[in-house]
1. Name the most mobile residue of Ser77, Ser104, Ser43, meaning the one with the largest mean-square fluctuation, in a Gaussian network model of the chain with Cα contacts below 10 Å.
2. When you have a sec, figure out the Kirkwood radius of segment 20-116 from all distinct Cα pair distances and drop it here in Å to one decimal?
3. Considering only protein heavy atoms, what per residue accessible area in square angstrom results for the chain with a 1.4 angstrom probe?
4. Using Cα pairs under 8 angstrom and six or more residues apart, how large is the relative contact order of segment 78-150, in percent?
5. If one computes the Cα centroid of segment 53-93 and of segment 17-42, what distance in Å separates the two points?
6. Taking the radius of gyration and the Kirkwood hydrodynamic radius from Cα positions alone, what is the Rg/Rh ratio for the chain, to two decimal places?
7. GNM on the chain, C-alpha springs below 10 Å: top fluctuator among Thr178, Thr90, Thr27?
8. For Arg71 and Glu41, FRET efficiency with R0 = 22 Å and r from the beta-carbon atoms, rounded to 0.05?
Amino acid sequence: LEERQLANAVEAQHARDSGSAEGVIATDDEINDMEIQIDDECSRILARRQPAASDHRLVLAVEKSTTDLERIGDEASRIARQAIRLSEMTPSGGTSNGVRRIGSHVASMLREALDSFARLDVRRAIEVVVDDGEVDAHYDDAVAELVEFMRKNPDGIESALQEMWALRGLERVGDHATNIAEQVIYLGLGKDVRHREPAELHALLDQRGRR
């Protein structure tokens, strides 16, 4: 559901389609309800079953990942609202292609993060974490293009700013996908890998393979 919401938000932004954007916003309530339901189920498991250490970590990882998914939904809804505002403006000639490109990239990260969670695939999760650096680089390039556009086209500043906020939201989606992947790594290796460099992550995986 979250993957579909994100894809629809990016397409609505690119096409300036207010109808599709309204559908994205409407979906957010369903996602919020699902987050509450999952949190309740996790709380019941912890209270009634008192799971062993490994299962306890899994329940906590589910709770944290659910929070990240809900926040991705929030970002998708914000992008959809920006799409509605854009639909009422004259096209800026800015970098809507940049929004679509980064949107595709972070959607792939989210899909890979969720698949790695489903399979507890640590190697796949590490690739998601490493990939976040590329998203950050694309984001910086796209923002620089928009800044240059606004400098040359003052009349397009309002429209370009909406695109810039969409880019920022997509960069955050990449961060949330990375958080989910980090939970998979923690479950598989028992190590907190937040703020680790890519070389350190691959070294951890190599050490595991030699055991």
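1. Ser43
2. Answer for segment 20-116: a Kirkwood hydrodynamic radius of 15.8 Å.
3. 53 Å²
4. 37 percent
5. 10 Å
6. Result for the chain is an Rg/Rh of 1.04.
7. Thr90
8. The value I calculate is 0.70.
The values are calculated or read from the model by the stated rules, or taken from the named source; none is laboratory data. Because the structure is a prediction, the values reported are computed rather than measured. Note that each Cβ is placed from the backbone with ideal geometry, even for glycine, and that neighbours are counted across all protein chains shown. Ligands, DNA and RNA are stripped out before the accessible areas are found, and what is left, the full protein with its side chains, is counted by its heavy atoms. Shrake-Rupley method; radii C 1.70, N 1.55, O 1.52, S 1.80 Å.
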